[in-house]
Amino acid sequence: MKVGFIGLGQMGAGMAANLLKAGHEVAVFNRTADKTRPLIERGARLCDRPADACRGDVVISMLADDPVLESVLLGEQGMIGALGQGAIHVCMATISVDLSERLTALHAEASQGYVAAPVFGRPDAAGSGRLFIVAAGAPDAIERCRPLFDAMGQRTFVVGERPQLASLVKLSGNYLIASVIETLGEAMALVSKAGIDRHQYLEILTSTLFGAPVYKIYGGLIADGRFEPAAFAAPLGLKDIRLTLAAAEALRVPMPVGSLLRDRLLSLLAQGGERLDWAAISQLAAQDAGQPPRSA
């Protein structure tokens, strides 16, 4: 399949590499051209503009936030104007429910398909093709994209025909991850202040009550105090919590823990945590308990 890929950050680079590995013809664009070099060496075609990556059957976007995606879609030489009739745009990034709704309408007006397919997994999972994909859109469009999803992920969950549903599921999942980080940070501050080893405590938790990967991965980061290099930087975490709260307000669903998480992430950024993994909000609970910061 002829595929365009726009956005080669920590996640996108691994995803595009797996498409190449599966035998797809991949054209790539990234604002920082240096990030395209490893993919070009593997056989990808370099594009000078986003529009040049929209000449195939499908174009995938993996961009940081709503404003960046909108600029690539709607700007001069944007994706919507370049994508052919019947072609499909697959957005695999975490964007707002509102933008996902607008993209559905814009692509429909241009006789194009739109599928929201955000992913769960950190960069190592993206590189090894072990992402979990949450997809929503027209059934025929999703089936056309199925070989691409199979190349990038270990399982695809289809949650409906309205793309915004996939965006909402992804936001709610990130909200839950942030909630785990916060509560793990609080619990570790509690037990470590009493003299219990954090790593032993984590082993107890993950061997008994909480064996899910999210507890093992983030619990390990918290126990080690290891927040650099960031696999998911704190500003992106704040963005996702804000989008979750906006979706909740639109649906009139109170989410008081979401407000706490927003404030935790704001505090982390106010203290210079721009480059830290969002798991570093766990250190704020330790600070509240009068404990010194931990570092790897």
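The values are calculated or read from the model by the stated rules, or taken from the named source; none is laboratory data. Remember, it's a predicted structure, so these values are computed and weren't measured experimentally. Cβ sites come from the backbone with ideal geometry, for glycine too, and all protein chains shown count toward neighbours.
Screening Glu41 with (1) of a type in the set (D, E, K, R); (2) more than 22 Å from Ala136 (Cβ to Cβ); (3) modelled with pLDDT under 95 gives one miss only, at (3). Considering (1) part of a helix (DSSP H, G or I); (2) charged (D, E, K, R); (3) touching a residue at least 24 places away in the same chain (Cβ under 8 Å), the lone condition that Lys216 does not fulfil carries the number (3). Just one of Ala280, Ala286 is free of Cβ contacts under 8 Å to residues at least 60 places away in the same chain and in a helix (DSSP H, G or I); which is it? Every option except Ala280 fails the conditions.
Show the residue pairs that are 6+ apart or on different chains and have beta-carbon atoms under 6 Å apart, the first residue being within region 113-142 and farther than 18 Å from Leu171 by Cα, the second being surrounded by fewer than 18 Cβ atoms within 10 Å (Cβ to Cβ) and among the polar types (S, T, N, Q). From region 113-142, the pairs are Arg130/Gln154.
Look at (1) in contact with a strand residue (DSSP E or B) (Cβ under 6 Å, 6 or more places away or on another chain); (2) buried (at least 21 other Cβ atoms within 10 Å of the Cβ) and you find that Gly185 fails only one, number (1).
From the set of residues in region 230-269 that are free of Cβ contacts under 8 Å to residues at least 40 places away in the same chain and in a loop (DSSP other than H, G, I, E, B), which is farthest from Tyr175 (Cα to Cα)? Filtering region 230-269 for residues that are free of Cβ contacts under 8 Å to residues at least 40 places away in the same chain and in a loop (DSSP other than H, G, I, E, B), the one farthest from Tyr175 (Cα to Cα) comes out as Arg252. Could you list, in sequence order, all residues of region 13-39 that are surrounded by 20 or more Cβ atoms within 10 Å (Cβ to Cβ) and out of contact with any helix residue (DSSP H, G or I) (no Cβ under 8 Å at 6 or more places or on another chain)? Result: Thr36, single match. Residues satisfying the criterion are absent from region 66-73 (criterion: β-branched (Val, Ile, Thr) and at pLDDT 95 or above). Candidates Leu236, Leu260: the one that is over 19 Å from Ala285 (Cβ atoms) and either not aromatic (Phe, Trp, Tyr) or not assigned by TED's automatic domain parsing to the domain that holds Asp124 (or both) is Leu236. Candidates are the residues of region 130-150 that are touching a Ser or Thr at 6+ places or on another chain (Cβ under 7 Å) and either part of a strand (DSSP E or B) or not assigned by TED's automatic domain parsing to the domain that holds Ala117 (or both); the one that is farthest from Gly113 (Cα to Cα) is Ile133. Scanning region 153-171 for residues that are among the polar types (S, T, N, Q) and surrounded by fewer than 17 Cβ atoms within 10 Å (Cβ to Cβ) yields one hit, Gln154.
Every residue, every condition in (1) touching a helix residue (DSSP H, G or I) at 6+ places or on another chain (Cβ under 8 Å); (2) farther than 24 Å from Ala250 by Cα, yes or no:
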position: Ser96; (1), (2): yes, no
position: Ala110; (1), (2): yes, yes
position: Ala116; (1), (2): yes, no
position: Arg144; (1), (2): no, yes
position: Gly153; (1), (2): no, yes
position: Ser179; (1), (2): yes, no
